[in-house]
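Everything on this sheet refers to the single structure shown next.
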Amino acid sequence: MNELLQGMSREYIILVIAIGILFQTLSLILAYSIRQTVLLIRKDNRCLLPGQAWIVAIPLLNIFYNFIIIRRLSDSLNNEFFDRQVAIDENPTLKQGYFMAYSYLATNFPLPLFIGYLAIIACLVCYLNYWIKVNEYRRLLRSSNPTPRENS
């Protein structure tokens, strides 16, 4: 381990730590957004519990669970908008979510330095794009009129 650390420059180690902190911060923000979105969905339409959204912020586990959370959030949004009779695209947030999950998966492979940096940049763009899409549907959930069944 000491040999490995001695072979790395101080700037490289700082960069790796900074990227790790950035991804962890983005994961926490994304998990919070997903949780807030799920809380706006009626219980019988949820395929995901609000507390399960935090799995996105757990390092190593999120490599696999990103795919599960993305699919379940999309199914929950589909169910809710169908009940509210709001016209949306089929499988909302799914395409952006899979781009995010696959790009995050790519950043966890040992890649040559230049390709690794490109994968990190692509992952950051995909993370932000997915977060924007989740927030867009959360605003739509807040603004759409609830069905009469919700009022009772």
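The values are calculated or read from the model by the stated rules, or taken from the named source; none is laboratory data. These numbers were taken from a predicted model, which means no experiment stands behind them. Here the Cβ positions follow ideal geometry from the backbone for every residue, glycine too, while neighbour counts run over all protein chains shown.
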(message) Condition first: without any contact (Cβ under 8 Å) to a residue 24 or more places away in the chain, farther than 28 Å from ILE17 by Cβ and among the aliphatic types (A, V, I, L, M). Can you find one or more residues in the range 72-88 that meet it?
(response) yes
(request) Might you let me know whether the range 130-142 holds any residue that is among the hydrophobic types (A, V, I, L, M, F, W, C), under 24 Å from THR25 (Cβ atoms), touching a helix residue (DSSP H, G or I) at 6+ places or on another chain (Cβ under 9 Å) and without any contact (Cβ under 8 Å) to a residue 60 or more places away in the chain? (result) yes
(request) Scan the range 9-28 and report the pairs whose first residue is farther than 21 Å from ILE63 by Cβ and whose second residue is at pLDDT below 90 and in a helix (DSSP H, G or I), with Cβ atoms within less than 8 Å and a gap of 6+ or a chain change. (result) ILE13/LEU5
(request) Can you tell me which residue among LEU39, LEU111 is out of contact with any Asp or Glu (no Cβ under 7 Å at 6 or more places or on another chain), within 27 Å of GLU136 (Cβ to Cβ) and of a type in the set (A, V, I, L, M, F, W, C)? (result) LEU39
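To keep it simple, each residue is scored yes or no on (1) exposed (fewer than 14 other Cβ atoms within 10 Å of the Cβ); (2) in contact with a His (Cβ under 9 Å, 6 or more places away or on another chain); (3) of a type in the set (Asp, Glu); (4) modelled with pLDDT of 90 or more.
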{"position": "ASP75", "(1), (2), (3), (4)": "no, no, yes, yes"}
{"position": "ASN78", "(1), (2), (3), (4)": "no, no, no, yes"}
{"position": "TYR98", "(1), (2), (3), (4)": "no, no, no, yes"}
{"position": "ALA122", "(1), (2), (3), (4)": "no, no, no, yes"}
{"position": "ARG139", "(1), (2), (3), (4)": "yes, no, no, yes"}
(message) Restricting to the range 17-50, give me the number of residues that are surrounded by 11 or more Cβ atoms within 10 Å (Cβ to Cβ) and either hydrophobic (A, V, I, L, M, F, W, C) or over 14 Å from the mean Cα position of the chain (by Cα) (or both).
(response) 20
(request) Might you check whether a residue that is farther than 17 Å from TYR104 by Cβ and surrounded by 15 or more Cβ atoms within 10 Å (Cβ to Cβ) occurs anywhere in the range 51-67? (result) yes
(message) Checking the structure you have, find out if any residue of the range 93-115 is in contact with a Phe, Trp or Tyr (Cβ under 9 Å, 6 or more places away or on another chain), in contact (Cβ under 8 Å) with a residue 40 or more places away in the chain and over 17 Å from GLY20 (Cβ atoms).
(response) yes
